[in-house]
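J.: Once you've had a glance at the structure underneath, I'll fire off some questions.
The values are calculated or read from the model by the stated rules, or taken from the named source; none is laboratory data. Keep in mind the model is a prediction, meaning the values are calculated, not measured. Heads up, the Cβs are rebuilt from the backbone with ideal geometry, glycines too, and the neighbour counts pull from every protein chain shown.
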Amino acid sequence: MKRAGVLSLALLSGAAALLTPGSAQAQERRQPRVIAPELVAPPPIDSTGLERAQPRSPLSELAGPAPEPKPQDTLYYRPVAIAAGMFESEGRTITIAGIRVIGADQSCDASSGGAWLCGKRARTAFRYWLRGRALECHAEGGAADEAASDSESNAPMRCSLAGYDVGSWLVENGWALASPDGPYAEEAKAARNAGKGIFSGGPSGS
């Protein structure tokens, strides 16, 4: 019994020694220390002597930078045709230059007699061709920036869709008339002779 009591007393004494402030300091001293921090952290670099190197030339034209957009061109997204040769986009109304717009309420002589709603047919054809695709437009005379900044401006604009001239498409398919001083006189003559669009004489003659 005496030996058991002595052993218990020794264990309690050891536990008490671990809880003393001196023991806590000993534990802190046993924590790992950072040795040679200059070998771990990156050394400071003096940037005063550095110079930016010029980029190398592209290996091919495919790897070259994208061409800068023309400052005089403006993209009009999700255009909606309100007439053959006129569309709305982002709150603006744009008229195609070089043509005479066919109004949606205009009627034409039918080959079978009477009249047919050629204006609505022309607007529908224009809508189907646009399909909401973005148009690239610029005002004639290089005043695109002024026209684009003025939301009330309705100056005629030259537009293209996927590289194809919108005015040319309208006139050559007979869905618009060429302006007397415009560039589409030959297209208008060909469309009239071929009986296209508004010159077709109506649905029964198309």
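J.: Within region 117-132, which residues are modelled with pLDDT of 95 or more and in a loop (DSSP other than H, G, I, E, B)?
T.: Listed by number, the list is empty, since nothing qualifies.
Rundown of residues vs (1) at pLDDT 95 or above; (2) assigned to a strand (DSSP E or B); (3) on the phi > 0 side of the Ramachandran plot; (4) surrounded by 14 or more Cβ atoms within 10 Å (Cβ to Cβ), yes/no style:
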{"position": "87", "(1), (2), (3), (4)": "yes, yes, no, yes"}
{"position": "94", "(1), (2), (3), (4)": "no, yes, no, yes"}
{"position": "105", "(1), (2), (3), (4)": "no, no, no, no"}
{"position": "142", "(1), (2), (3), (4)": "no, no, yes, no"}
{"position": "145", "(1), (2), (3), (4)": "no, no, no, no"}
{"position": "169", "(1), (2), (3), (4)": "yes, no, no, yes"}
{"position": "180", "(1), (2), (3), (4)": "no, no, no, no"}
{"position": "183", "(1), (2), (3), (4)": "no, no, no, yes"}
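J.: One residue is enough: does region 53-76 have a residue meeting the conditions at pLDDT 90 or above and either surrounded by 13 or more Cβ atoms within 10 Å (Cβ to Cβ) or in a loop (DSSP other than H, G, I, E, B) (or both)?
T.: Here is the first cut: in region 53-76, the residues at pLDDT 90 or above are 75-76.
From what is left, the residues that are either surrounded by 13 or more Cβ atoms within 10 Å (Cβ to Cβ) or in a loop (DSSP other than H, G, I, E, B) (or both) are 76.
Yes, region 53-76 contains a residue that is at pLDDT 90 or above and either surrounded by 13 or more Cβ atoms within 10 Å (Cβ to Cβ) or in a loop (DSSP other than H, G, I, E, B) (or both).
J.: Out of all the residues in region 190-206, which are of a type in the set (Gly, Ala, Ser), modelled with pLDDT of 90 or more and in a helix (DSSP H, G or I)?
T.: The answer is 190, 191, 194, 197.
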